[in-house]
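I have placed the structure first, in the form of C-alpha coordinates, so that the comments after it can refer back to it.
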(Lines give C-alpha, C1' and ligand atoms only; values in the text may rest on other atoms or scores of the structure.)
Protein backbone atom coordinates (compact mmCIF):
# COMPACT_ATOMS: atom_id res chain seq x y z
CA UNK A 1 0.00 0.00 0.00
CA UNK A 2 1.36 3.43 -0.94
CA UNK A 3 2.20 5.90 1.82
CA UNK A 4 -0.32 8.67 2.37
CA UNK A 5 2.20 11.09 3.88
CA UNK A 6 5.90 11.83 3.92
CA UNK A 7 8.18 10.13 6.44
CA UNK A 8 8.58 12.37 9.48
CA UNK A 9 12.32 12.76 10.17
CA UNK A 10 14.04 14.18 13.27
CA UNK A 11 17.77 14.86 13.63
CA UNK A 12 19.22 15.00 17.15
CA UNK A 13 22.57 16.17 18.52
CA UNK A 14 24.41 14.96 21.60
CA UNK A 15 28.15 15.36 22.39
CA UNK A 16 29.70 15.86 18.94
CA UNK A 17 31.15 18.34 16.45
CA UNK A 18 28.05 18.50 14.15
CA UNK A 19 30.00 17.11 11.18
CA UNK A 20 27.72 14.12 10.64
CA UNK A 21 24.60 16.28 10.71
CA UNK A 22 26.21 18.50 8.09
CA UNK A 23 26.61 15.45 5.86
CA UNK A 24 22.84 15.58 5.39
CA UNK A 25 23.03 19.21 4.25
CA UNK A 26 25.93 18.25 1.96
CA UNK A 27 23.47 16.15 -0.08
CA UNK A 28 22.82 19.27 -2.16
CA UNK A 29 21.76 17.69 -5.43
CA UNK A 30 19.54 15.14 -3.68
CA UNK A 31 17.84 17.40 -1.11
CA UNK A 32 14.92 18.40 -3.34
CA UNK A 33 14.21 14.77 -4.21
CA UNK A 34 14.54 13.82 -0.55
CA UNK A 35 12.13 16.57 0.46
CA UNK A 36 9.42 14.90 -1.64
CA UNK A 37 9.68 11.76 0.53
CA UNK A 38 10.66 13.18 3.92
CA UNK A 39 9.25 15.87 6.18
CA UNK A 40 12.11 17.29 8.25
CA UNK A 41 10.24 17.71 11.51
CA UNK A 42 13.20 18.58 13.72
CA UNK A 43 16.72 19.56 12.63
CA UNK A 44 18.14 22.49 14.62
CA UNK A 45 21.32 22.55 12.53
CA UNK A 46 19.20 23.57 9.54
CA UNK A 47 16.06 25.31 10.88
CA UNK A 48 14.46 26.53 14.08
CA UNK A 49 11.07 25.28 12.88
CA UNK A 50 9.92 22.16 14.68
CA UNK A 51 7.08 19.67 14.42
CA UNK A 52 6.32 17.74 17.57
CA UNK A 53 6.73 13.97 17.62
CA UNK A 54 6.30 11.11 17.39
CA UNK A 55 8.73 10.63 14.50
CA UNK A 56 9.01 7.87 11.91
CA UNK A 57 12.79 8.07 11.85
CA UNK A 58 15.34 9.74 14.10
CA UNK A 59 18.99 10.31 13.14
CA UNK A 60 21.14 10.70 16.25
CA UNK A 61 24.61 12.24 16.23
CA UNK A 62 26.87 12.35 19.28
CA UNK A 63 27.71 10.37 22.39
CA UNK A 64 26.28 10.33 25.90
CA UNK A 65 28.52 12.30 28.27
CA UNK A 66 26.12 13.75 30.86
CA UNK A 67 23.37 12.35 33.07
CA UNK A 68 20.91 14.76 31.43
CA UNK A 69 21.71 13.39 27.98
CA UNK A 70 21.33 9.82 29.24
CA UNK A 71 17.75 10.73 30.14
CA UNK A 72 17.18 12.74 26.95
CA UNK A 73 18.14 9.85 24.66
CA UNK A 74 15.53 7.66 26.35
CA UNK A 75 12.91 10.29 25.51
CA UNK A 76 14.17 10.43 21.90
CA UNK A 77 13.81 6.65 21.70
CA UNK A 78 10.24 6.83 23.02
CA UNK A 79 9.33 9.36 20.32
CA UNK A 80 10.96 7.44 17.43
CA UNK A 81 9.57 4.49 15.50
CA UNK A 82 13.08 3.85 14.14
CA UNK A 83 16.36 5.24 15.45
CA UNK A 84 19.61 5.37 13.45
CA UNK A 85 22.89 6.48 14.99
CA UNK A 86 25.27 8.37 12.69
CA UNK A 87 29.01 8.79 13.14
CA UNK A 88 31.78 7.59 15.43
CA UNK A 89 30.51 9.56 18.44
CA UNK A 90 27.05 7.99 18.32
CA UNK A 91 28.23 4.48 17.42
CA UNK A 92 31.31 4.19 19.67
CA UNK A 93 31.64 7.24 21.92
CA UNK A 94 33.88 9.23 19.58
CA UNK A 95 37.21 10.91 20.22
CA UNK A 96 35.82 12.13 23.54
CA UNK A 97 35.74 8.50 24.70
CA UNK A 98 39.46 8.87 25.37
CA UNK A 99 38.23 10.11 28.76
CA UNK A 100 37.21 6.52 29.45
CA UNK A 101 40.87 5.62 29.88
CA UNK A 102 41.88 8.64 31.98
CA UNK A 103 41.08 10.55 35.16
CA UNK A 104 38.21 12.91 34.35
CA UNK A 105 38.36 14.92 37.62
CA UNK A 106 42.04 15.65 36.91
CA UNK A 107 41.20 16.79 33.37
CA UNK A 108 38.45 19.09 34.65
CA UNK A 109 40.71 20.64 37.28
CA UNK A 110 43.45 21.25 34.71
CA UNK A 111 41.16 22.86 32.12
CA UNK A 112 38.47 24.78 34.02
CA UNK A 113 38.99 27.61 36.50
CA UNK A 114 35.87 26.58 38.44
CA UNK A 115 35.54 22.77 38.21
CA UNK A 116 32.45 22.82 40.45
CA UNK A 117 30.43 24.23 37.55
CA UNK A 118 31.14 21.20 35.36
CA UNK A 119 28.64 18.36 35.43
CA UNK A 120 29.73 15.38 33.35
CA UNK A 121 30.02 11.62 33.36
CA UNK A 122 33.37 9.87 33.65
CA UNK A 123 32.68 8.11 30.34
CA UNK A 124 31.59 8.88 26.80
CA UNK A 125 29.46 6.06 25.45
CA UNK A 126 27.57 5.06 22.33
CA UNK A 127 23.83 5.59 21.98
CA UNK A 128 23.33 1.81 21.78
CA UNK A 129 24.71 1.50 25.32
CA UNK A 130 21.59 3.32 26.52
CA UNK A 131 18.69 2.52 24.17
CA UNK A 132 17.87 0.06 21.37
CA UNK A 133 19.20 1.21 17.98
CA UNK A 134 17.81 0.09 14.62
CA UNK A 135 20.93 0.76 12.55
CA UNK A 136 24.43 2.18 13.11
CA UNK A 137 26.06 4.22 10.32
CA UNK A 138 29.76 4.58 11.03
CA UNK A 139 32.26 7.25 10.03
CA UNK A 140 33.99 10.41 11.21
CA UNK A 141 32.23 12.02 9.50
CA UNK A 142 29.76 9.72 7.78
CA UNK A 143 29.67 9.41 4.00
CA UNK A 144 26.71 11.23 2.46
CA UNK A 145 26.20 8.49 -0.11
CA UNK A 146 25.85 5.92 2.65
CA UNK A 147 23.50 8.28 4.52
CA UNK A 148 21.24 8.58 1.48
CA UNK A 149 21.19 4.78 1.17
CA UNK A 150 20.14 4.45 4.81
CA UNK A 151 17.38 7.04 4.39
CA UNK A 152 16.14 5.35 1.19
CA UNK A 153 16.12 1.98 2.94
CA UNK A 154 14.04 3.18 5.88
CA UNK A 155 11.68 5.12 3.62
CA UNK A 156 11.04 1.96 1.62
CA UNK A 157 11.00 -0.50 4.50
CA UNK A 158 14.11 -2.49 3.62
CA UNK A 159 17.54 -3.18 5.11
CA UNK A 160 20.28 -0.63 4.23
CA UNK A 161 22.75 -1.99 1.68
CA UNK A 162 25.96 -0.80 3.34
CA UNK A 163 29.07 -2.79 2.37
CA UNK A 164 30.59 -4.83 5.22
CA UNK A 165 34.12 -5.19 3.83
CA UNK A 166 37.25 -3.44 5.10
CA UNK A 167 39.21 -0.43 3.88
CA UNK A 168 41.74 -2.81 2.31
CA UNK A 169 39.19 -3.62 -0.40
CA UNK A 170 38.89 0.10 -1.19
CA UNK A 171 42.68 0.35 -1.42
CA UNK A 172 42.74 -2.51 -3.93
CA UNK A 173 40.03 -0.85 -6.01
CA UNK A 174 42.00 2.39 -6.10
CA UNK A 175 45.23 0.58 -6.96
CA UNK A 176 46.88 1.90 -3.79
CA UNK A 177 50.05 0.13 -2.67
CA UNK A 178 49.74 -1.25 0.88
CA UNK A 179 51.30 1.32 3.20
CA UNK A 180 51.93 -1.31 5.89
CA UNK A 181 54.13 -3.26 3.48
CA UNK A 182 55.69 -0.45 1.44
CA UNK A 183 56.07 2.26 4.09
CA UNK A 184 56.00 0.26 7.35
CA UNK A 185 53.17 2.56 8.47
CA UNK A 186 50.76 1.47 11.21
CA UNK A 187 47.42 1.02 9.46
CA UNK A 188 43.99 -0.09 10.68
CA UNK A 189 42.75 -0.68 7.12
CA UNK A 190 42.47 -4.48 7.47
CA UNK A 191 40.08 -4.17 10.44
CA UNK A 192 38.26 -0.91 9.61
CA UNK A 193 34.81 -0.67 8.02
CA UNK A 194 34.82 0.64 4.44
CA UNK A 195 33.16 3.91 3.47
CA UNK A 196 35.81 6.61 3.23
CA UNK A 197 37.25 5.46 -0.09
CA UNK A 198 40.62 4.70 1.56
CA UNK A 199 41.64 8.36 1.52
CA UNK A 200 44.56 8.19 3.96
CA UNK A 201 46.39 5.25 2.34
CA UNK A 202 45.97 6.93 -1.05
CA UNK A 203 48.15 9.75 0.32
CA UNK A 204 50.71 7.47 1.92
CA UNK A 205 49.27 7.46 5.45
CA UNK A 206 47.97 4.53 7.44
CA UNK A 207 44.23 4.23 8.12
CA UNK A 208 43.17 5.83 11.42
CA UNK A 209 40.03 3.72 11.77
CA UNK A 210 37.55 6.57 11.27
CA UNK A 211 34.77 4.16 10.24
CA UNK A 212 35.20 1.82 13.19
CA UNK A 213 35.66 -1.95 13.22
CA UNK A 214 34.55 -3.87 10.14
CA UNK A 215 32.34 -6.91 10.59
CA UNK A 216 33.95 -10.10 11.98
CA UNK A 217 37.44 -8.65 12.44
CA UNK A 218 40.29 -9.78 14.67
CA UNK A 219 42.08 -6.63 15.79
CA UNK A 220 44.47 -8.47 18.09
CA UNK A 221 45.62 -10.62 15.18
CA UNK A 222 46.51 -7.45 13.25
CA UNK A 223 48.46 -6.16 16.25
CA UNK A 224 50.40 -9.41 16.52
CA UNK A 225 51.14 -9.52 12.79
CA UNK A 226 52.33 -5.91 12.92
CA UNK A 227 54.63 -6.72 15.86
CA UNK A 228 55.98 -9.86 14.18
CA UNK A 229 56.91 -7.73 11.15
CA UNK A 230 58.95 -5.45 13.42
CA UNK A 231 56.36 -2.69 13.79
CA UNK A 232 56.18 -0.46 16.84
CA UNK A 233 53.49 -1.58 19.28
CA UNK A 234 53.38 1.96 20.64
CA UNK A 235 52.47 3.26 17.16
CA UNK A 236 49.68 0.71 16.82
CA UNK A 237 48.39 1.56 20.29
CA UNK A 238 48.23 5.25 19.31
CA UNK A 239 46.12 4.67 16.18
CA UNK A 240 43.77 2.34 18.06
CA UNK A 241 43.19 5.08 20.64
CA UNK A 242 41.66 7.54 18.20
CA UNK A 243 38.24 8.23 16.66
CA UNK A 244 36.79 4.85 17.65
CA UNK A 245 38.86 4.12 20.75
CA UNK A 246 35.86 2.77 22.65
CA UNK A 247 34.64 0.46 19.87
CA UNK A 248 34.82 -3.08 21.26
CA UNK A 249 37.43 -4.64 18.97
CA UNK A 250 39.68 -1.56 18.95
CA UNK A 251 39.43 -1.13 22.72
CA UNK A 252 40.28 -4.79 23.43
CA UNK A 253 43.35 -4.69 21.17
CA UNK A 254 44.59 -1.43 22.71
CA UNK A 255 44.11 -2.82 26.22
CA UNK A 256 46.11 -5.92 25.29
CA UNK A 257 48.94 -3.72 24.05
CA UNK A 258 48.82 -1.65 27.23
CA UNK A 259 48.98 -4.76 29.42
CA UNK A 260 52.06 -5.97 27.52
CA UNK A 261 53.97 -2.68 28.10
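Going through region 185-216 one residue at a time, which ones are farther than 21 Å from residue 86 by Cα and not in a helix (DSSP H, G or I)?
Within region 185-216, 185, 186, 187, 203, 204, 205, 206 qualify.
Assuming residue 170 fulfils every condition listed in (1) within 28 Å of residue 148 (Cα to Cα); (2) modelled with pLDDT of 90 or more; (3) part of a loop (DSSP other than H, G, I, E, B) apart from one, which condition is it?
(3)
Counting residues that are within 29 Å of residue 213 (Cβ to Cβ) and either touching a helix residue (DSSP H, G or I) at 6+ places or on another chain (Cβ under 6 Å) or outside the structural domain of residue 144 (by TED's automatic domain parsing) (or both), which strands (runs of 3 or more DSSP E) fully inside region 1-110 reach at least 1?
The strands (runs of 3 or more DSSP E) meeting that bar are 7-13, 55-61, 80-86.
The values are calculated or read from the model by the stated rules, or taken from the named source; none is laboratory data. These numbers were taken from a predicted model, which means no experiment stands behind them. Don't worry about glycine lacking a Cβ; one is built from the backbone with ideal geometry, like all the others, and counts go over all protein chains shown.
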